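First up is the structure itself, then whatever we jot down about it.
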Amino acid sequence: MKIAIMGAMPEEIAPILEKVGEYKTTKYAGNIYYEAKYNGVDLVIAYSKIGKVFSTLTATTMCEHFGAKKLLFSGVAGAISEKLKVGDLIVATKLAQHDLDITAFGHPFGYVPEGAVYVEADKELIDLSKEVAKEMGKSVQEGIIATGDQFVADEKRKNWIGEKFGADALEMEGASVAVVCDALDVPFFILRAISDAADMDASFSFDEFLETSAVESAEFIMKMVDKLVD
Ligand code: OS5
């Protein structure tokens, strides 16, 4: 079984590449894919570049071209919930696109006909993450993640997203990856470590904590891989 591990930015997959050691690189459709054998399991690893379009392309490529049968996303996010602080981990139970808006036709935010506002992540992978959290002695929160093509650095926008979608954290790729995996029947898991509070200081906090938070997320994801291999 091949497992895909994706991030959006180089910093989000760097700790994973370091952990796997040796890999083969393949250029495909404008991205680099890293194929590795890790504890006897085949991995395909890539960063997509930022946003919903690039992450859709990468998730689709990992499943359809490289044959991934499960997809794990590792990265950072902005916090909405007051309970989430920099460095904390959040596992997405379901994801929504906060910038999808055809409300002029009477539809709710995040909805298009024949789609759904929320896409649910794989329950077995979420259960596995609880075991991993216990073994690592880490507290990992579960919650709703909202995705949009926008770096949110504004309290009002963040609160609106929190209220409209019941979201606990926000980022720019998770929901598009979720839509792809759901459509292709590939179980998926989205993990994010908090880098900022999506407020007026977000860009400074992001710059300061991108690397350390990305490592937090990547270490947890690799423990998930260890468990999946067992
Ligand atoms: O991937 C984007 C979404 N990520 C999660 C996130 C987030 N999303 C929305 N709002 C927030 N408050 C969020 N906090 C965390 C992180 C990432 C955000 S976009 C950051 C862009 C930073 C950057 N721009 N240029 N570079 C870095 C340098 C560069 C230059 C050339 C090639 C690559 C990088």
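Go over the candidates Ala202, Ala193, Ala214, Ala178 one by one and state the one that is under 15 Å from Gln150 (Cβ atoms) and within 16 Å of the ligand (Cβ to nearest atom).
Working: Ala193 fails: under 15 Å from Gln150 (Cβ atoms); Ala214 fails: under 15 Å from Gln150 (Cβ atoms); Ala178 fails: under 15 Å from Gln150 (Cβ atoms).
One residue alone meets the criteria, Ala202.
Which count do you get for residues in region 54-83 that are assigned to a helix (DSSP H, G or I) and small (Gly, Ala, Ser)?
Taking region 54-83 and keeping what is assigned to a helix (DSSP H, G or I), we get 54-64.
Cutting the leftovers down to small (Gly, Ala, Ser) gives us 55, 59.
So the count comes out to 2.
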Kindly provide the set of residues from region 144-158 that are away from the ligand (no atom under 13 Å from the Cβ) and surrounded by fewer than 19 Cβ atoms within 10 Å (Cβ to Cβ), ordered by number. Lys156
Identity of the residue in region 140-183, free of Cβ contacts under 8 Å to residues at least 60 places away in the same chain and in a strand (DSSP E or B), that ends up nearest to Lys49 (Cα to Cα): Ile144
Take the residues in region 116-128 that are in contact with a Leu (Cβ under 8 Å, 6 or more places away or on another chain) and in a loop (DSSP other than H, G, I, E, B); name whichever of them is surrounded by the fewest Cβ atoms within 10 Å (Cβ to Cβ). Tyr118
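What are the residues in region 116-159 that are hydroxyl-bearing (Ser, Thr, Tyr) and within 22 Å of Asp196 (Cα to Cα), if any? Steps first, answer last, please.
So in region 116-159, the residues hydroxyl-bearing (Ser, Thr, Tyr) come out as 118, 129, 139, 147.
Ser139, Thr147, listed by residue number.
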Qualifying position, being modelled with pLDDT of 95 or more and surrounded by 24 or more Cβ atoms within 10 Å (Cβ to Cβ), among Gly51, Gly87, Gly78: Gly78
Quick check on my filter: what residues within region 17-48 are within 24 Å of Val179 (Cα to Cα) and in contact with a helix residue (DSSP H, G or I) (Cβ under 8 Å, 6 or more places away or on another chain)? Tyr28, Ala29, Gly30, Asn31, Tyr33, Tyr34, Leu43, Val44, Ile45, Ala46, Tyr47, Ser48
Take region 184-213 and flag every residue that is farther than 23 Å from Asp154 by Cβ and either assigned to a helix (DSSP H, G or I) or of a type in the set (S, T, N, Q) (or both). Leu184, Glu211, Thr212
May I ask you to list the residues in region 129-139 that are surrounded by 17 or more Cβ atoms within 10 Å (Cβ to Cβ) and either without any contact (Cβ under 8 Å) to a residue 12 or more places away in the chain or of a type in the set (A, V, I, L, M) (or both)? Val132, Ala133
Does Ala77 meet the test of being out of contact with any strand residue (DSSP E or B) (no Cβ under 9 Å at 6 or more places or on another chain) and on the phi < 0 side of the Ramachandran plot? no
Here are the criteria: (1) assigned to a helix (DSSP H, G or I); (2) within 11 Å of the ligand (Cβ to nearest atom). Tell me which single one Val86 does not satisfy. (1)
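The values are calculated or read from the model by the stated rules, or taken from the named source; none is laboratory data. This is a predicted model, so every value here is computed, not measured. Cβ sites come from the backbone with ideal geometry, for glycine too, and all protein chains shown count toward neighbours.
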